[in-house]
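So the structure is just underneath, and the comments pick up after that.
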Amino acid sequence: LTEKDFDAARAVDLIHGSNQIKMSDFSYNLQEDSIAKFPAEPRGSSKLLKVDSSGRVSYYSHFGKAIPEMLDGCHVVFNNSRVLDARLSVVVSNNQKVELMLLDLGNIDSSAPCQEQEIQAMIRCGVSAGDKYIEPVSGVTVEVMNVFGIWEEEEDSGGNGTNCTVKIHSNECIGDFLNSNGSV
């Protein structure tokens, strides 16, 4: 559960007033091998785990069949996000390719040119504000605007890169740029 999801649930609580949602209600130990790596085929055929208020666990064999029952007396938060090809390979000064992952596109204007916005990113090397990299497919310059520190994907990783904001010097909107030059 992300902070954005929790904030959305909290907003629903404010509207409906009862049964305050606590973040601790969503804390549990999820084993890595229990996480789906790819969506179910066909879409919507995934199974759904249900835990009722007394702690009884049951399963729905098909996600689509669970919707009517879920809507009865529940807070439902729909996520209409989509996966973008937000991974870029950029070239550093020694002609070595480095991964650049755009992280949070939720706060940008998706119709505005890339060059008008700063986008949160993770670059898999040490960087400084002002550093410039080349995206080799388009030849577009990607400039580091601000550096926030080490990016850690896992607590014991010791850092996987640098958390920063970047500006992509392109007139294309972010969706078009990523469709042409990014990967998942």
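The values are calculated or read from the model by the stated rules, or taken from the named source; none is laboratory data. Because the structure is predicted, anything quoted here is derived from the model rather than measured. FYI the Cβ positions are ideal-geometry reconstructions off the backbone, even for glycines, and counts take in every protein chain you see. Quick note on the areas: whole protein, heavy atoms, side chains included, nothing else; ligands and nucleic acids left out. Shrake-Rupley method; radii C 1.70, N 1.55, O 1.52, S 1.80 Å.
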Requested in this report: Filter the stretch 158-182 down to residues that are open to solvent by 30 Å² or more (accessible area, probe 1.4 Å), over 19 Å from C125 (Cα atoms) and polar (S, T, N, Q), then give me how many there are.
Outcome: 3
Report task. Output the qualifying pairs, or none if there are none: Cβ atoms under 8 angstrom, residues six or more apart or on different chains, first residue in the stretch 102-116 and over 24 Å from W151 (Cβ atoms) and acidic (D, E), second residue in a loop (DSSP other than H, G, I, E, B) and open to solvent by 30 Å² or more (accessible area, probe 1.4 Å). Result -> E116/D109
